[in-house]
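J.: What follows is a structure written as structure tokens; I'll ask about it next.
The values are calculated or read from the model by the stated rules, or taken from the named source; none is laboratory data. Everything numeric in this text was worked out from a predicted model, so none of it was measured. Reconstructed Cβ throughout: ideal geometry from the backbone, glycine too, with neighbour counts over all protein chains shown.
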């Protein structure tokens, strides 16, 4: 039996990066049971959260229990056993030896989650073109009518949602890449674009890293899998498709050009080509384009004989 035989797996990535697709594919392997999002590890991260006093004391549960005679590692071990037990029971009910967990916002709590799980799990990360992520996040939030809580701090700093999503992508992706560099024996990171273009190859690399045999054929996505919290768009798909690649082209070119420096270096590190964009227009040119667009719209409405009610 190999060293990874009973280890669980955490699937990590910024929301709208393909984590749901990856979870569903992993769940099709006979070794892994991957439920819909449980939010277990995000809750554990909140349990461990602490404010730092002016004197450097972490005012939270670990310090409180330490004062009561419980060392940090004892608390972490009990919390770890609590979280793992639900996933182990789920895998046992599914008749599989290992679990895999994906909750969309775990990546925002990576530091406490890593502290909790340490070397007790394997990490599988997935990254996606940042502008595709930003466009997809905006579409999702517009449809849902809400911005999830982990995004609030970014939206307070950046007035344009696309800019907020790009900064959150940059922060979480740096953390994920850093995890892979620090724990190369524990963490593998793939790209969404590679997964949808060559799923057999990428899945083969992932399962080999996890110590499991590759699947004999690309699995069909199960339309009857367990229902629960999940990315509804990704969950509804019954096959792998690449239609969501290059969605960034829907973002206005001036906005792309202005925001590219936020993510350019990290994009190149991950092997993404930088779009060839003209410099953003100056103020006068932006005003001219705006007025020209209004004039064109008015002319179009005049030709069509329509007006607003």
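J.: Given the criteria at pLDDT below 95 and either in contact with a helix residue (DSSP H, G or I) (Cβ under 9 Å, 6 or more places away or on another chain) or buried (at least 19 other Cβ atoms within 10 Å of the Cβ) (or both), does residue 142 qualify?
T.: In short, yes.
J.: Ok, one more. Please go through region 270-309 and pick out each residue that is surrounded by fewer than 10 Cβ atoms within 10 Å (Cβ to Cβ), at pLDDT 85 or above and within 34 Å of the chain's Cα centre (by Cα).
T.: If the condition is that a residue be surrounded by fewer than 10 Cβ atoms within 10 Å (Cβ to Cβ), at pLDDT 85 or above and within 34 Å of the chain's Cα centre (by Cα), then 273, 276 are the ones that fit.
J.: Could you check, for region 1-10, whether at least one of its residues is assigned to a loop (DSSP other than H, G, I, E, B) and more than 21 Å from residue 99 (Cβ to Cβ)?
T.: Checking region 1-10: not a single residue is assigned to a loop (DSSP other than H, G, I, E, B) and more than 21 Å from residue 99 (Cβ to Cβ).
J.: Restricting attention to strands (runs of 3 or more DSSP E) lying wholly within region 44-159, give those where 3 or more residues are closer than 25 Å to residue 177 by Cα and touching a strand residue (DSSP E or B) at 6+ places or on another chain (Cβ under 6 Å).
T.: Those strands (runs of 3 or more DSSP E) span 98-101, 121-127.
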